[in-house]
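A short write-up of the structure that comes next.
The values are calculated or read from the model by the stated rules, or taken from the named source; none is laboratory data. None of these values were measured; they are calculated from a predicted model. The accessibility values were calculated without ligands, DNA or RNA, using every heavy atom of the protein model including side chains. Shrake-Rupley method; radii C 1.70, N 1.55, O 1.52, S 1.80 Å.
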Amino acid sequence: QVQLVESGGGLVQAGGSLRLSCAASGRTFSDLSMGWFRQAPGKEREFVASWSGGSTYYTESVKGRFTISGDNAKNTVYLQMNSLKPEDTAVYYCAGSRLRVVVVIADLYHYWGQGTQVTVSA
């Protein structure tokens, strides 16, 4: 079983930055592809970014602002978020998939973290 623990959320003003971290344990990190999803109040969970062995993919609304990266030595995936907007406010979830390719569909992820709140004030 894989455990994922997110950290780094918080309150930031519009235009600011945050870096989310997701530490994985219980399985070799390099055997997984990793992703970030978010869920705003009253909305469905949506894909944000995915990372697999250096390959990345982003949802259109965060391209050029967010960067996903992974550190195999630390079993950790990061989401660097710059130029944050109020519409980025959500609970952000880290997810891991055994498919080992970039994955954008939530149902194809096998492991989920508990989520971390990101709030961007105007």
State the Cα centre-to-centre distance between the range 39-53 and the range 65-122 in whole Å.
-> 7
Residue-normalised accessible area of the chain, given per residue in Å² at a 1.4 Å probe | 49
If amide H atoms are built 1.01 Å from N in the plane of the peptide, which residues on other chains or at least 5 residues away come under 5 Å of the amide H of residue 66?
-> 82
Round to a whole number: what % of the accessible area of the range 11-122 belongs to carbon and sulfur, probe 1.4 Å?
-> 47
So for the range 31-106, using the alpha carbon gyration tensor with a ≥ b ≥ c as root eigenvalues (a/c under 1.5 gives rounded; past that, a/b versus b/c decides prolate or oblate), I'd call it prolate
Fully extended contour minus Cα-Cα distance, from residue 122 to residue 74, at 0.36 nm per residue = 13.8 nm
Taking H placed 1.01 Å from N in the peptide plane, check which residues at least 5 places from residue 103 or on another chain put their amide H under 5 Å from its amide H.
-> 51
With 0.36 nm assigned to each residue of separation and the Cα-Cα distance removed, residue 28 to residue 110 gains 28.1 nm
